[in-house]
Amino acid sequence: MEVLAPALPVVKNPTSKKNSDAQKFVNGEVHNWYRIILGYSDHLVSHLLDEFKIQPGQIVLDPFCGTGTTLIESKKRGVEAIGIDANPSSCFAARVKTNWSPNPQTLLDLIEPLTENYSRHERTKRLAQNDPTYAYLKESGMLKRGWISPRPLRKVLAMKAAIIDLKTQKKYRDLLTLSLISEVVSSASNVKFGPELYCGKAKKDHDVLSGVTKRIQTMVDDLKKTSLVKNVPTTVLEGDARYCGKILHASLLERKVDVIICSPPYPTEHDYTRNSRLELALLEEVRDRLSLQRIKRQMVRSHTKGIYVEDNDSDLVKDYLLINKIATQIEKKAAKKKHGFARLYSKVLKEYFGGMKRHFSEVKPLLAPGAFCAYVVGDQSSYLRVHIPTAQILSAIATEVGFEPVDIRTWRTRWSTTTSRKIEENILIFRNPSINNEKRENKSK
């Protein structure tokens, strides 16, 4: 089966009156509470919501929601949204960022007791000994490799304990925890992103209390704005997007989804749990190798450290000529390599596209007739410099599943350190057929 996609018509950007709720925001609000380096632009989501003319009363789905960019932009417009993600730290962040019920003044008033708790715990000498976060960072070797220095870590753990001790509702503790996580990753730790995570110069000390306090103030200011927006339901579910149909049916989805806007993983040698390892440790979601593996197993296969013997999504794309051609090119180059990971590259490639086909098949019955789907994906050359036209292949797979191809447009180009050249990130757009089109197709069959 040849998977070259047919020539695709370009969707012109429609002129539409923007939702008044969206005008209350500059666009950084709420998003800036916590961001990840691999997240896409909130402005991109806003543009796509305008283009597809999404209005209150409709439902937006992001099956790879990350920290909630699509969900937040939808909520700003008074549009119901559902997100799914395999990473529990991302789910935590997305849930906190889309819960706008906390009272801003109540949150502000918590700074004083939080400071008192922090001061008390910061003086405790044996704070780290019984803390699961410290135990994992030490046992995993992250402390030894310099992810975070001892003195800043001590203050981080003191703040963590201070938040736990606060006598307040869970939604406020969650906000404070998110502010701490954001402060750790952005300022208190030694990690840097380029976009791969690496450890920079070790920080001897860091004022964790001051950093967290400033972030709380930002949350307070943003919650004052969100209080002016009509509250609509936003649901965040942890799970494997390859089985999103089962996940959403389990959550009793009562209406069809009107649009999908998302950015799935790319087929590249990137461990999506590595960039959030500090967050996972602070939330105590990862305590050992088994708990980490549980998270990896519910992700679309996209790297060699997340591939397993029993994986069989590749069977779904075994007849795709272009995928097989690329896999053969990779295998020929890998045969000359001594390290074992290279021999898994072609398997990851097939498992990735097979997993995405499974995802497309699962999500299609959830969509309303004529619903648009926008997937932000990047071409790749990470596997021994063999070019992988991700959007092109995914477009052909979606077409085979029964979607109508609409457009592949370049969103941006980025520099690949592997190949020393620019590669494209695209927005792949396709559509669930309308009822009339489906009837026409059934007659032709």
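Checking THR124, THR106, THR70, THR115 one by one, the residue that is buried (at least 24 other Cβ atoms within 10 Å of the Cβ), in contact with a helix residue (DSSP H, G or I) (Cβ under 8 Å, 6 or more places away or on another chain) and among the hydroxyl-bearing types (Ser, Thr, Tyr) is THR70 and no other.
Against the definition (without any contact (Cβ under 8 Å) to a residue 60 or more places away in the chain, assigned to a helix (DSSP H, G or I) and under 28 Å from the mean Cα position of the chain (by Cα)), how does GLN293 come out, yes or no? Criteria met by GLN293.
Take the conditions assigned to a loop (DSSP other than H, G, I, E, B) and under 20 Å from ALA86 (Cβ atoms) and apply them to VAL300. Does it pass?
Values: assigned to a loop (DSSP other than H, G, I, E, B): yes; under 20 Å from ALA86 (Cβ atoms): yes.
So VAL300 fits the description; yes.
Which of the following residues is among the charged types (D, E, K, R), at pLDDT 95 or above and over 16 Å from the mean Cα position of the chain (by Cα): GLU285, GLU279? Walk me through it before giving the result.
Working: GLU279 fails: over 16 Å from the mean Cα position of the chain (by Cα).
Every option except GLU285 fails the conditions.
Looking only at segment 358-414, which residues are among the basic types (Lys, Arg) and part of a helix (DSSP H, G or I)? Hits for segment 358-414 are ARG358, LYS364. Among the residues of this structure, ILE423 does not count as one that is modelled with pLDDT of 95 or more and not small (Gly, Ala, Ser).
Restricting ALA281, ALA335, ALA368, ALA374 to those that are within 16 Å of VAL386 (Cα to Cα) and small (Gly, Ala, Ser) reduces the list to ALA335.
Checked against the criterion of being crowded, with 20+ Cβ neighbours inside 10 Å, more than 30 Å from LYS357 (Cβ to Cβ) and of a type in the set (Asp, Glu), the candidates ASP288, ASP222, ASP240 yield just one match: ASP222. Sub-7 Å Cβ pairs linking a first residue in segment 386-408 that is closer than 27 Å to ALA342 by Cα to a second residue that is in a helix (DSSP H, G or I) and among the basic types (Lys, Arg), at least 6 apart or interchain, are VAL386/LYS333; ILE397/LYS357, ordered by first then second residue.
For segment 114-128, the criterion of being of a type in the set (A, V, I, L, M, F, W, C) and either at pLDDT below 95 or at positive phi (or both) is satisfied by at least one residue.
Can you tell me which of ILE295, ILE330, ILE323 is more than 30 Å from LEU143 (Cβ to Cβ), outside the structural domain of MET142 (by TED's automatic domain parsing) and modelled with pLDDT of 95 or more?
Values: ILE295 fails: more than 30 Å from LEU143 (Cβ to Cβ); ILE330 fails: modelled with pLDDT of 95 or more.
Result of the check over ILE295, ILE330, ILE323: ILE323.
Of the helices (runs of 4 or more DSSP H) entirely within segment 62-164, those holding at least 3 residues that are among the hydrophobic types (A, V, I, L, M, F, W, C) and in contact (Cβ under 8 Å) with a residue 12 or more places away in the chain occupy 88-97.
Could you tell me whether ILE247 is out of contact with any Ser or Thr (no Cβ under 6 Å at 6 or more places or on another chain), assigned to a helix (DSSP H, G or I) and in contact (Cβ under 8 Å) with a residue 12 or more places away in the chain? Spelling it out, ILE247 is indeed out of contact with any Ser or Thr (no Cβ under 6 Å at 6 or more places or on another chain), assigned to a helix (DSSP H, G or I) and in contact (Cβ under 8 Å) with a residue 12 or more places away in the chain. In segment 273-289 there is no residue matching the filter, namely being out of contact with any Phe, Trp or Tyr (no Cβ under 9 Å at 6 or more places or on another chain), of a type outside the set (S, T, N, Q) and closer than 16 Å to LEU344 by Cα.
Within segment 192-223, the residues that satisfy the criterion of being at pLDDT below 95 and either within 22 Å of GLY28 (Cβ to Cβ) or in a strand (DSSP E or B) (or both) are LYS192, PHE193, PRO195, LEU197, TYR198, CYS199. I'd like the residue in segment 257-273 that is more than 13 Å from the chain's Cα centre (by Cα) and among the charged types (D, E, K, R) and, out of all such residues, is surrounded by the most Cβ atoms within 10 Å (Cβ to Cβ). Once the filter is applied, the top-ranked residue is ASP258.
Kindly indicate whether any position in segment 223-234 is within 18 Å of THR115 (Cα to Cα) and among the basic types (Lys, Arg). No, segment 223-234 contains no residue that is within 18 Å of THR115 (Cα to Cα) and among the basic types (Lys, Arg). Only one of the numbered conditions (1) basic (Lys, Arg); (2) part of a helix (DSSP H, G or I); (3) over 21 Å from the mean Cα position of the chain (by Cα) is not met by LYS338, and that is (2). Under 15 Å from GLU400 (Cα atoms), assigned by TED's automatic domain parsing to the domain that holds LYS325 and among the charged types (D, E, K, R) - does that describe any residue in segment 348-355? Within segment 348-355 (the criterion being under 15 Å from GLU400 (Cα atoms), assigned by TED's automatic domain parsing to the domain that holds LYS325 and among the charged types (D, E, K, R)), the answer is no, since none of the residues qualifies. Residues that are assigned to a helix (DSSP H, G or I) and in contact (Cβ under 8 Å) with a residue 12 or more places away in the chain do occur in segment 262-277.
The values are calculated or read from the model by the stated rules, or taken from the named source; none is laboratory data. All figures in this text were calculated on a predicted structure; none of them were measured in a lab. Counting neighbours? That spans all protein chains shown, and the Cβs are built from the backbone with ideal geometry, glycine included.
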